[in-house]
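Reading through the structure tokens given below for one structure.
The values are calculated or read from the model by the stated rules, or taken from the named source; none is laboratory data. The structure presented is a predicted model; accordingly, all values stated were derived computationally and were not measured. Every residue, glycine as well, gets a Cβ built from its backbone with ideal geometry; the counts of neighbours run over all protein chains shown. When the accessible area is computed, the model is the full protein with side chains, heavy atoms only, and any ligands, DNA or RNA have been set aside. Shrake-Rupley method; radii C 1.70, N 1.55, O 1.52, S 1.80 Å.
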Amino acid sequence: MYNILVCDDDKEIVNAIEIYLTREGYNVIKAYNGVECINILKNKQVQLIILDVMMPIMDGVQTLKIIRETESIPVIMLSAKSEDEDKIEGLNLGADDYVTKPFNPLELIARVNSGIRRYTKLGMIEISNNIYQTGDLVIDDDLKKVIVEGKEIKFTKTEYNILKFLTKNKGKVFSIEEIYTNVWEEESYSAENIIAVHIRHIREKVEINPKDPKYLKVIWGIGYKIENIK
């Protein structure tokens with residue numbers, strides 16, 4: 001599940017955004033000024049920030065400036081129509097997008113989804129060596145999470161380890177024996193049925209149409225691979 005940090009001094013706005021983002025499957029972390037926002041980033045993994053411009057203690061522009069010193073996380077700024085100069089300054093400092101108050105919640109959700117897609121495709125591999133990705137299938141091995149098409153999917157430990165091994169080596173075909181040896185770390189004895197069952201379960205979870213798989217492919221007579229999708 002992706003963590004979205006929402007920072008605005010108006011608690012009603014924060015709570016309203018939380019309702020819409022939660023319905024979309026996101027986890028919302030709340031802050032009410034720039035100092036709280038910066039402190040949260042020091043202790044939690046965040047995939048996108050929604051940041052208000054006008055806030056007490058530390059405003060959004062100054063907060064963004066500090067964030068961009070160390071982080072490349074997508075940032076969507078919230079601003080009133082009268083704050084055009086702040087909007088320009090924010091974009092110059094590295095804001096990824098702007099939403100003007102009052103905003104349509106559906107527009108904000110669309111911009112969040114777009115920001116998350118850019119993040120998973122362009123940013124996550126650089127942020128951590130323990131992120132494995134092909135297309136919209138992302139494995140965060142630090143958090144032991146699998147995200148497919150923006151949604152977290154639950155796996156058993158064995159399913160997870162098989163999927164991680166294949167995704168880490170995307171594009172390469174592995175025999176049943178090679179998969180078993182690398183995942184179980186022991187010699188393979190009659191592993192065909194064991195691997196076949198786990199592969200079927202993984203496909204049912206990651207594929208929109210398991211009969212026409214996008215990610216997990218069988219190479220008949222040889223083995224299995226995760227497709228290398230850009």
List, please: which pairs have Cβ atoms under 9 Å, are six or more places apart or on different chains, and start with a residue in the range 24-50 that is part of a helix (DSSP H, G or I) and end with one that is hydroxyl-bearing (Ser, Thr, Tyr) and open to solvent by 20 Å² or more (accessible area, probe 1.4 Å)? Leu41/Thr70
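I'd like the residue in the range 185-207 that is open to solvent by 50 Å² or more (accessible area, probe 1.4 Å) and touching a residue at least 40 places away in the same chain (Cβ under 8 Å) and, out of all such residues, is nearest to the chain's Cα centre (by Cα).
Lys205
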How many residues are among the small types (Gly, Ala, Ser) and in contact with a Phe, Trp or Tyr (Cβ under 8 Å, 6 or more places away or on another chain) if we restrict to the range 162-221? 2
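Before we move on, is Tyr98 in contact with a Phe, Trp or Tyr (Cβ under 6 Å, 6 or more places away or on another chain) and among the aromatic types (Phe, Trp, Tyr)?
Criteria not met by Tyr98.
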What are the residues in the range 107-130 that are surrounded by fewer than 18 Cβ atoms within 10 Å (Cβ to Cβ), closer than 17 Å to Glu152 by Cβ and modelled with pLDDT of 80 or more, if any? Asn113
Any idea which residue in the range 208-218 is farthest from the chain's Cα centre (by Cα), counting only those that are hydrophobic (A, V, I, L, M, F, W, C) and open to solvent by less than 50 Å² (accessible area, probe 1.4 Å)? Val218
Would you check if there is a residue in the range 198-219 being in a helix (DSSP H, G or I) and farther than 17 Å from Val148 by Cα? yes
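Could you check, for the range 5-19, whether at least one of its residues is in a loop (DSSP other than H, G, I, E, B), at pLDDT 90 or above, of a type outside the set (Phe, Trp, Tyr) and open to solvent by less than 10 Å² (accessible area, probe 1.4 Å)?
Yes, there is a match, as at least one residue in the range 5-19 is in a loop (DSSP other than H, G, I, E, B), at pLDDT 90 or above, of a type outside the set (Phe, Trp, Tyr) and open to solvent by less than 10 Å² (accessible area, probe 1.4 Å).
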